[in-house]
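See structure below.
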Amino acid sequence: MKKLLQIIWIALFAVCSVNAQQEKGIMGYSNWLNNWTEFKPNKVDYGEPNQILAGKISVNTKLLKRNIYVLQGNVYVTNNAVLTIEPGTLIIGDYESKGTLVITKGASIIADGLETDPIVFTSNKGVKKAGDWGGIVILGDAPINKFGNISSFNFDLDPSLTTYGGENPAGNSGILRYVRIEFAGKKVRGAGSFNALTLAGVGNKTILENVMASFSGGDSFDMIGGDLNVTKFVSYKSINNDFKFTQGTQCKIYNSLAVRSSYLTSNKEGSRCMEVVSYDKKEETDFTKKQTLVTAANITMLNDSDNISADIQSGLVKEAIYVGSNAALEIKRSVISGFNPAVILDSKIEINDANLKKIKFEEMYFNLCKGNIFTEFNSNNEDLENWYGNSIFFNVYSQSNNSETFIDISNPKRPDYRLNIGKITASNK
């Protein structure tokens with residue numbers, strides 16, 4: 001199916017051993033991606049801005065739907081101020097000044113859109129591309145695993161305004177709900193790229209639901225430390241990672257989607273659907289603190305391609321998930337379709353019962369992947385196959401083309417795909 005990416009909704013079913021039908025992938029029986037998402041943002045005419053956002057916002061401020069705002073340069077919400085954004089408000093990141101919105105520690109953002117009236121951050125370029133502007137950075141006072149429990153998110157930002165971390169896992173940085181972030185991820189000379197959304201030291205009282213990042217020049221979602229509850233996040237054609245977790249993040253992520261493209265995303269070295277690591281620099285890490293733990297369920301990770309096998313053979317496709325040493329990942333009822341291989345574990349992870357109990361794959365649907373779970377630099381994965389292939393995990397393996405695996409059962413405006421179980425033979429390899 002050409003443009004399978006517009007799948008937008010995938011509910012996967014498989015029959016496993018003595019279990020009844022099990023839901024896998026994005027959860028639910030209604031298409032929660034309806035109305036608020038946009039998979040062709042370059043085709044949208046957003047209009048011209050009539051208001052400027054620049055400098056520091058140090059008092060409570062409200063952005064109104066009736067205006068269109070241009071984000072010029074680095075804009076900081078400081079002094080414990082609250083930035084409130086009405087549903088349906090449009091904020092345009094300026095290309096020339098690489099507009100970036102930073103919610104400093106102690107401040108908060110209330111961007112509470114509606115399914116039928118989402119809040120949109122996008123680019124002001126005529127032909128929009130990944131990395132046109134900065135992105136959104138939210139800094140909180142929740143724990144990180146670096147020495148001192150405090151760090152700074154610098155890049156080309158003011159270091160005095162970009163500290164994050166602390167002792168408050170229940171920190172509240174506000175609300176992001178029904179929000180789209182498009183064409184963010186500007187490059188910073190010598191420092192990589194910004195991300196569409198960076199959450200650094202953000203606490204678990206922050207509401208993070210229904211957020212879509214598309215065409216990011218960096219990661220779509222970068223979780224740095226903190227204690228997070230994330231649901232219904234969508235990453236679409238990010239140049240780097242879709243979801244990255246580091247610096248001791250404690251994150252629960254559910255009902256989310258990552259869609260990659262062989263020619264735009266998957267071929268970049270170190271670019272994955274999900275990267276789970278405990279540190280960026282080992283020498284700065286306090287191993288007496290909590291290391292990164294990601295608990296995930298009902299995640300769909302899909303490589304869109306008209307010919308996945310050919311793309312894999314050409315070296316255009318990499319792994320979907322990477323797990324670093326000292327990090328833990330528990331993922332279940334999720335889909336990995338069209339990768340090479342599905343999962344890679346860091347070479348420093350010793351394959352033993354203790355470590356494998358921290359890296360769990362249960363009720364998974366591995367489809368059209370060239371190999372399932374491997375240790376980095378090791379082509380012999382027999383021990384891992386024996387472990388995760390055990391019937392107690394109810395993992396399913398398939399080699400069905402996406403066009404056969406997913407069937408369109410909805411209206412032409414919003415495709416709604418479900419697994420055609422008549423074409424899938426479930427197994428408990």
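The values are calculated or read from the model by the stated rules, or taken from the named source; none is laboratory data. This one's a predicted model, so the numbers in the text were calculated from it and none came from an experiment. Don't worry about glycine lacking a Cβ; one is built from the backbone with ideal geometry, like all the others, and counts go over all protein chains shown. Accessible surface areas use protein heavy atoms only, side chains included; no ligands, DNA or RNA. Shrake-Rupley method; radii C 1.70, N 1.55, O 1.52, S 1.80 Å.
Quick check: net charge around Asn80, other residues with Cβ under 14 Å of its Cβ, Lys/Arg +1 and Asp/Glu -1? Walk me through the intermediate numbers first.
On the way: positive: Lys56, Lys105; negative: Asp141.
That sum, taken over residues with Cβ under 14 Å, equals +1.
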FRET efficiency for Lys348 and Asp117 from the Cβ-Cβ distance with R0 = 60 Å, rounded to 0.05, comes out at 0.80
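Report the relative contact order of region 188-227, percent, no decimals, based on alpha-carbon pairs under 8 angstrom and at least 6 residues apart. Show your work: numbers first, answer last.
Values: 54 pairs, mean separation 22.3, N = 40.
The value is 56 percent.
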Descending packing, highest mean Cβ count within 10 Å first, for 334-341, 200-207, 35-42, 138-145 is 138-145, 334-341, 200-207, 35-42
Whole-percent carbon and sulfur contribution to the accessible surface of region 268-362 (1.4 Å, no ligands, DNA or RNA) stands at 42
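Classify region 333-402 as rounded, prolate or oblate from the Cα gyration tensor: take a ≥ b ≥ c as the square roots of its eigenvalues, call it rounded if a/c is under 1.5, otherwise prolate when a/b beats b/c and oblate if not. Write out the running numbers ahead of the final one.
Values: a/c = 2.08, a/b = 1.34, b/c = 1.55.
It comes out oblate by the Cα gyration axes.
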Along region 315-329, Karplus-curve 3J(HN,Hα) (6.51, -1.76, 1.60; θ = phi - 60°) to the nearest Hz, with x for Gly and Pro, reads x, 8, 10, 10, 6, 8, 10, 10, 10, x, 5, 6, 9, 10, 9
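Provide the gained length on full extension for the span Asn50 to Thr295, in nm with one decimal, where the gain is 0.36 nm per separating residue minus the Cα-Cα distance.
Working: separation 245, 0.36 × 245 = 88.20 nm, distance 4.28 nm.
Stretched out fully, the Asn50 to Thr295 stretch lengthens by 83.9 nm.
Exactly which GluC sites (Glu not before Pro) in region 322-367 are in a DSSP loop and have at most 14 other Cβ atoms within 10 Å? Kindly include the intermediate steps, with their values, before the conclusion.
Values: sites: Glu330, Glu350, Glu362, Glu363; in loops: Glu350, Glu363.
Of the GluC sites (Glu not before Pro), the ones in loops of region 322-367 whose Cβ has at most 14 other Cβ atoms within 10 Å are Glu350.
Could you tell me whether region 173-287 comes out rounded, prolate or oblate from its Cα gyration tensor? Rule is a ≥ b ≥ c as square roots of the eigenvalues, rounded for a/c under 1.5, then prolate if a/b exceeds b/c, otherwise oblate.
On the way: a/c = 1.61, a/b = 1.07, b/c = 1.50.
Verdict is oblate for region 173-287.
Name the shape class, rounded, prolate or oblate, that the alpha-carbon gyration tensor gives for region 113-194, where a ≥ b ≥ c are the square roots of its eigenvalues, rounded holds for a/c under 1.5, and otherwise prolate holds if a/b is larger than b/c and oblate otherwise.
Numbers: a/c = 3.40, a/b = 1.33, b/c = 2.56.
Judged from the Cα gyration tensor, region 113-194 comes out oblate (a/c at least 1.5, b/c at or above a/b).
Find out how many positive minus negative residues lie around Ile224, taking Lys and Arg as positive, Asp and Glu as negative, among other residues whose Cβ is under 10 Å from that of Ile224.
Working: positive: Lys146, Lys244; negative: Asp222, Asp280.
Value of the local net charge: 0.
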Once all protein chains are kept in place, Tyr236 shows an accessible area at probe 1.4 Å, nearest 10 Å², of 10
